[in-house]
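Q: Here it is: the structure, laid out below.
All of the numbers you see were taken from the coordinates with simple rules; none came from a lab. The structure presented is a predicted model; accordingly, all values stated were derived computationally and were not measured. Neighbour counts are summed over all protein chains in view; Cβ atoms, including those assigned to glycine, are modelled from backbone coordinates with ideal geometry.
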Amino acid sequence: MATKGKGGKKGAVGAGKVSASTQTAATKVEPAKGKLGVMVVGLGAVATTMIAGVEAIRRGLAKPIGSLTQMGTIRLGKRTDNKSPLIKNFVPLADLKDIVFTGWDIFEDNVYEAAAHAAVLKPEMLKKLKPALEKIKPMPAVFDQYYVKRLHGTHVKKGKNKLDLAEQLRADIRAFKKKVDRVVMIWAASTEIFLEPKPVHRSIEAFEAGLVNNDRAIAPSQIYAYAALKEGVPFANGAPNLTVDLPVMIELSKKNSAPICGKDFKTGQTFMKTVLAPAFKARMIGVSGWFSTNILGNRDGEVLDEPQSFKTKEESKLGSLEYIFQPEIYPDLYKDIYHKIRINYYPPRGDEKEAWDNIDIFGWLGYPMQLKVNFLCRDSILAAPIALDLVLFLDLAKRTPELRSIGIQEWLSFYLKSPQTPPGLYPEHDLFIQSMKLKNTLRHIMGADLVTHLGLDYYD
Ligand SMILES: NC(=O)c1ccc[n+]([C@@H]2O[C@H](COP(=O)([O-])OP(=O)(O)OC[C@H]3O[C@@H](n4cnc5c(N)ncnc54)[C@H](O)[C@@H]3O)[C@@H](O)[C@H]2O)c1
């Protein structure tokens, strides 16, 4: 069955490009006119794989596999209507040919050099893209080794205090805005040490005072986010750092119509967890233990080898099972799960991570069983399309009157290990609920009927 979206016109959406007349003036999504500027913090493995990938796709050298915005379709109306346009033809997304990239890094390597160093994409492919990639040179970063112990940055901004550094980033954003029509920022930089919210994060005033006083609780990622949100620029966080999941950032996001979402790209092991755990729960299969280990040899692996950065990642990875299983509602099935996560830095593997999961489950009358998952993946190949989709959807949110000033875009939880929600609302980690939420949000903003999957009307 299809339900009417708020403010929508029933059955108004066709199978091809959506017509502007199907939306009311108050809900109309603005078109994606002109250039979309993407400011990437950290031009490492994920960022360069995304940028080189977009360049390769623009030239017809490869397909955007793994990207929902580029390859996904969306069903409209009833199953019998046979209307499933591509998402990018249904909602007005920026075209890949209109994206312009820039970024910051603590090393001076241009995107070609950084991509070659990351060694994710084959040299033959990178050579074809070299002229375009070497033009993208990082701006000096805001960095402090206190927050990422394993890195020694050389290409770094200097300022009299953290407010001065934020002002320098804002100047970078304003300069870039002159070259493009719209801007989105994404953090694809290293994972910072584990930090907890402090009084300095409670309000804009407290945070700005903290910037002046060089408060230790303010990490570089927060300075970038502050700069973006002050400039009305949407911000996505690909790492598990404490960055926009703070009252000050939510306040800024709403005030300046700069959408934010959760954090930490949901790529390999957690992606699988949020598929398998809902399956066990749907069938009332119990779980007594879930042991997850990884070997990883890229720079991210090296940073995560440091205990304080690992703690940040561990917290982000641990959350999903607890929320999916709801042990308080199902104590007989999930009350005593032993959940353990390990990440081991193992250089020979580079970006080609290997993850093992051993899952101890139990069924009818409590009889035990086991499931083993061995995922031989490529970290940045999984993350790059997620980064691209987040950028495109945040730009869409910024152009959508109903979404741009609500702050957190919970419908983007689909992509993230740590979805963000307002205080008091538990996050949805189940990948299929997240997928439905995302697609229904797209239907809703375009004035199309929501799909609830009830389907009784087929039997009238
Ligand atoms: N690849 C995945 O599957 C995946 C999944 C979830 C999260 N992540 C996160 O995404 C981030 C990027 O991963 P990666 O594999 O590209 O790592 P990477 O080490 O290859 O790249 C990170 C880049 O950020 C730069 N950097 C560090 N601090 C900076 C700062 N303050 N300002 C500007 N640049 C800075 C580093 O110099 C480096 O070039 C990591 O935090 C990682 O944990 C990756």
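Q: At what distance in angstrom do the alpha carbon centres of region 280-356 and region 360-393 lie from each other?
A: Each part reduced to its Cα centre gives a spacing of 10 Å.
Q: Going through the DSSP H helices of the chain, which span 27 Å or more along their own axis at the Cα atoms while scoring at least 0.0 as a mean Kyte-Doolittle hydropathy?
A: 379-398
Q: What translational diffusion coefficient, to the nearest whole µm²/s, does region 170-294 have by Stokes-Einstein, given a Kirkwood radius computed over alpha-carbon pairs, a temperature of 37 °C and 0.692 mPa s viscosity?
A: This corresponds to a translational diffusion coefficient of 199 µm²/s.
Q: Could you list 69, 243 in order of exposure, starting from the residue whose Cβ has the fewest other Cβ atoms within 10 Å?
A: 69, 243
Q: I've got another one for you. For region 86-188, what is the charge dipole size about the Cα centre, in debye to the nearest 20, if Lys and Arg each add +1 at the Cβ and Asp and Glu each add -1 at the Cβ?
A: 140 debye
Q: Specify which residue in the list 194, 268, 140 is farthest towards the positive end of the charge dipole of the chain, using unit charges on the beta carbon of Lys, Arg (+1) and Asp, Glu (-1), about the Cα centre.
A: 140
Q: Could you sort 99-112, 206-219, 328-341 so that the peptide with the highest average Cβ count within 10 Å comes first and the rest follow in order?
A: Answer by packing, highest mean first, reads 99-112, 206-219, 328-341.
Q: Can you give the charge dipole size of the chain about its Cα centre, rounded to the nearest 20 debye, using +1 on the beta carbon of Lys and Arg and -1 on the beta carbon of Asp and Glu?
A: Working: 64 positive and 50 negative charges, 324 e Å.
Computed about the Cα centre, the dipole is about 1560 debye.
Q: Distance cut-off 26 Å, Cα to Cα: go down the list 88/122; 137/437; 63/266; 137/311; 28/266 and report the pairs above it.
A: 88/122; 137/437; 137/311; 28/266
Q: Just want to confirm a number: the relative contact order over region 133-238, from Cα pairs under 8 angstrom separated by 6+ residues, in percent.
A: 36 percent
Q: Follow-up. What relative contact order, as a whole-number percentage, does region 217-288 give when Cα pairs under 8 Å and 6 or more residues apart are counted?
A: 28 percent
Q: Which shape class, rounded, prolate or oblate, goes with region 330-460 when its Cα gyration tensor gives a ≥ b ≥ c as root eigenvalues, a/c under 1.5 marks rounded, and past that a/b bigger than b/c marks prolate?
A: It is oblate, given that a/c is not under 1.5 and a/b is not larger than b/c.
Q: So who's got an amide H within less than 5 Å of the one on residue 183, skipping anything under 5 residues away but keeping other chains? H placed 1.01 Å off N, in plane.
A: Under 5 Å from the amide H of residue 183 lie the amide H atoms of 37, each far enough along the sequence or on another chain.
Q: Pop out the Kirkwood hydrodynamic radius of the chain from its pairwise C-alpha distances, inverse of mean 1/r, in Å to one decimal.
A: 22.9 Å
Q: What does the helix-only formula give at 222 nm for the chain: each DSSP H stretch with n ≥ 4 adding -39500 (n - 2.57), the total divided by the residues, and the result rounded to the nearest 500 deg cm²/dmol?
A: The helix-only estimate for the chain comes to -11000 deg cm²/dmol at 222 nm.
Q: What's the exposure ranking of 261, 377, going from fewest to most Cβ atoms within 10 Å?
A: The order, fewest Cβ neighbours first, is 377, 261.
Q: Okay, moving on. Over the Cα atoms of region 238-313, what radius of gyration and what Dmax do you get, in Å?
A: Final numbers for Rg and Dmax: 16.7, 46 Å.
Q: Once you order the gyration tensor axes a ≥ b ≥ c over the Cα atoms, which shape class does region 343-405 get: rounded for a/c under 1.5, otherwise prolate or oblate by comparing a/b with b/c? Mind showing how you got there, number by number?
A: Numbers: a/c = 4.74, a/b = 1.56, b/c = 3.04.
Judged from the Cα gyration tensor, region 343-405 comes out oblate (a/c at least 1.5, b/c at or above a/b).
Q: About its Cα centre, how strong a charge dipole does region 315-375 have in debye, to the nearest 20, once Lys and Arg get +1 and Asp and Glu get -1 at the Cβ? Walk me through the intermediate numbers first.
A: On the way: 7 positive and 10 negative charges, 40 e Å.
With Lys and Arg at +1 and Asp and Glu at -1, about 200 debye.
Q: With a ≥ b ≥ c taken as the square roots of the eigenvalues of the C-alpha gyration tensor of region 385-460, please select rounded if a/c is under 1.5 and otherwise prolate if a/b is larger than b/c or oblate if it is not?
A: Prolate.
Q: Something else now. Quick one: what are the phi-derived ³J(HN,Hα) couplings along region 348-353, Karplus 6.51/-1.76/1.60 with θ = phi - 60°, whole Hz, x for glycine and proline?
A: x, 7, x, 6, 7, 5
Q: Shifting gears a bit: Relative contact order, percent, of the chain when contacts are C-alpha pairs under 8 Å separated by at least 6 residues?
A: 23 percent
Q: Something else now. So for the chain, taking the charge dipole from beta-carbon charges (+1 Lys/Arg, -1 Asp/Glu), which of 391, 90, 284 sits furthest toward the positive end?
A: Positive-end residue among those listed: 90.
Q: May I pose another question? Per residue of region 411-423, what does 6.51 cos²θ - 1.76 cosθ + 1.60 with θ = phi - 60° give for ³J(HN,Hα)? Whole Hz please, x for Gly and Pro, Karplus curve as stated.
A: 5, 8, 4, 3, 9, 10, 5, 10, x, 10, 9, x, x
Q: In which sequence would 148, 373 go, from the one with the fewest C-beta neighbours within 10 Å to the one with the most?
A: Neighbour counts put them in this order, fewest first: 373, 148.
Q: Highest first, please rank the peptides 187-194, 249-256 by the mean number of other Cβ atoms sitting within 10 Å of their residues.
A: 187-194, 249-256
Q: Hey, could you pull the Cα Rg and Dmax for region 243-383, both in Å?
A: 17.3, 55
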